[in-house]
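Since the structure comes first, as structure tokens, the remarks are kept for the end.
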Amino acid sequence: MTDETPVPTGPEPEPPVPGWPKESGERFDKAKALAALGHAVYPTRFTRSHGLAAIIKDWGELTTEELAAKAIDVSIAGRVLTLRSHGKTGFATLTDGDANLQVYVRKDGVGDPAFAVWNLVDMADFIGVSGRLMRTKSGELTVQATSLAFLSKALLPLPEKWHGLTDVETRYRQRYVDMVANPEVRKTFVARSKMVAAIRRFMDERGYIEVETPMMHPIAGGALARPFVTHHNALGVDLYLRIAPELYLKRLGVGGLERVYEINRNFRNEGLSAHHNPEFTMLEFYTAYFDCRDVMAITEELIENAAIVATGGTDITWGDTVLSFKTPFARIRMSEAIANALSKELPQPVTVAEVEDTAKLKAIVTTEAFVAACRRKGVPAAEYRKLSHGKTIESLFGDFAEEGLIQPTYVVDYPVEISPLAKRRADNPEFADRFELFMSGMEIANGFSELNDPLEQRARFLDQIESRAGGDDEAHSMDEDYVRALGHGLPPTGGCGLGIDRLAMLLTNSRSIRDVILFPQMRPEGGRRAE
RNA sequence: GUGCCUGUAGCUCAAUGGUAGAGCAGCGGCCUUUUAAGCCGUUGGUUGUGGGUUCGAGCCCCACCGGGCGCACCA
């Protein structure tokens, strides 16, 4: 400070909540001034005549003269996005989420008491305006206010209007701010909702009934994944958040529900990435008397339909490329996808027969050329020496083939070893009658002819338990009740699980799963709790 | 869990190891058709946290707390 006389100022406004920015103090003072004028700062209701989108749709094309002649009176409400004050007049742009509309307030139009309220309005506040539709000199459709209602105070300021909110951490943690500051975020979640609604409609129309099965499981089954553990006090037992609803949905098949689906959350205790959130939404559906191929047919039809509803077509923009969701999707055997991918990496072409032969495949993964290929990919080649044939195929597919499946592609014929709940192929018992659907290198769906032989299922569980004993903590546990259910007879059934979040990513051109989950998992603010 | 990057005003961003700044927002003033309103004036900082090096740290070093991307695990 210099030794000049300081400008006298009033008492500094105090933020109403410790830690809030100084501006919240200014806004709180205005709220108090509003109350002093006899207005509720948080009134209960306001009657709108129209939504903003409806006004623009019905009258947005009318000329200045037509609007004047028709004398259309409306009552609108919304959040103040921008504010331009001119002394005895002012303009504000309101938004109601669907659309924006300008309002024009004149002191001689609303009267002195209402204009005093106007002078206490900040950006981000909610107001209601009644008045007549007009067009300004510059041609913008505007409501010229005859009355003004204060509807809700925003004590905190929104991000500035030019750059909006870009800090990704704040965007995910404070999604409410993100959605106001970045309108396209709202569009993404509206599109996701349309997609899910389209899927429900699709299933309902085909005679499927929607069911809800337990989220807390005594045994975490139906997928190969690590679960979250929780505890029930009264029962005195640990429970697992479900990793998949599969085994419960198939119990319903035993009970006589021939077509069921569930759209709900699964929880897997694994790392986070652009493609993984610990809780994620899956569609699972089961159809009596369907096999794997029937399930593939209905799955691609469902996805094509969802794309049309959510985006208007089957050509989906995905970054620099266009994905075609037009059915039928490409199909490739898993061994063939591996043979193709390996042939590009190795000096000698690899055949499907070689991939499917235990000894020959083992020989390939121990060659110098293969080790070199692994090094190029950053994959530990030594791991391959320890793997069984089925696990080798699984790893080769993941390491070499998967990333190349950009257009929607069904991969079929999975090793039985990695498919403990799927039926064997009748013509080749080494392989399960199973498919997975890949798009843009991501797994989107997984389905198969359900294993319904209780004794083979029990044997498969026992194999899994052996793997678990061998250190595979994602292997399946024994579920005796599920075996008992199968013991009562499950009709031939085809099932499918489809990742809703990932499909939403593709249909909204979102690079990260966090952009299609409203509140993605983050570390708690303030850091990890002390142990 | 690991490698690289990153954290500065409410928001978006500057600042060779040498006085922490700008735009918007805010506050005061003028303004009855503006629209990134304008013009004049002006407040605002524990530079994520804690240590260290240095005459001097937003900048260099260490640890920690968050976040992003890649890898691992997985869908």
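The values are calculated or read from the model by the stated rules, or taken from the named source; none is laboratory data. Owing to the predicted nature of the structure, the values given are computational and were not obtained by experimental measurement. All Cβ positions, glycine included, derive from the backbone under ideal geometry; neighbour counts span all protein chains shown.
Observations, loosely collected:
- So residue A:364, is it modelled with pLDDT of 90 or more, more than 29 Å from residue A:221 (Cβ to Cβ) and of a type in the set (Val, Ile, Thr): yes
- With respect to the conditions (1) without any contact (Cβ under 8 Å) to a residue 60 or more places away in the chain; (2) touching a Lys or Arg at 6+ places or on another chain (Cβ under 6 Å), residue A:520 falls short on a single one, namely (1).
- All positions within the range A:81-99 that are closer than 18 Å to residue A:152 by Cα and either more than 8 Å from RNA strand B (Cβ to nearest atom) or free of Cβ contacts under 8 Å to residues at least 60 places away in the same chain (or both): A:81, A:83, A:92, A:93, A:94, A:95, A:96, A:97
- Residues of the range A:267-326 that are more than 18 Å from the chain's Cα centre (by Cα), in a loop (DSSP other than H, G, I, E, B) and basic (Lys, Arg): A:326 alone.
- Search result, residues across the range A:112-159 that are more than 11 Å from RNA strand B (Cβ to nearest atom), within 13 Å of residue A:79 (Cβ to Cβ) and in a loop (DSSP other than H, G, I, E, B): A:153
- Unmet criterion (only one of (1) loosely packed, with under 13 Cβ neighbours inside 10 Å; (2) free of Cβ contacts under 8 Å to residues at least 24 places away in the same chain) for residue A:207: (2)
- Within the range A:338-352, being more than 16 Å from residue A:394 (Cα to Cα), modelled with pLDDT of 90 or more and either basic (Lys, Arg) or assigned to a helix (DSSP H, G or I) (or both) holds for one residue alone: A:343.
- Of all the numbered requirements in (1) surrounded by fewer than 16 Cβ atoms within 10 Å (Cβ to Cβ); (2) within 9 Å of RNA strand B (Cβ to nearest atom); (3) in a loop (DSSP other than H, G, I, E, B), residue A:61 misses one, and that requirement is (2).
- Test for residue A:201: is it part of a helix (DSSP H, G or I) and crowded, with 18+ Cβ neighbours inside 10 Å: no
- Where a residue in the range A:255-273 is of a type in the set (A, V, I, L, M) and its partner, wherever it lies, is more than 9 Å from RNA strand B (Cβ to nearest atom) and part of a strand (DSSP E or B), with Cβ under 8 Å and at least six apart: A:257/A:209; A:260/A:209; A:260/A:210; A:260/A:285; A:260/A:286; A:263/A:210; A:263/A:283
- Boolean, residue A:404 is at pLDDT below 90, surrounded by fewer than 15 Cβ atoms within 10 Å (Cβ to Cβ) and farther than 30 Å from residue A:318 by Cα: no
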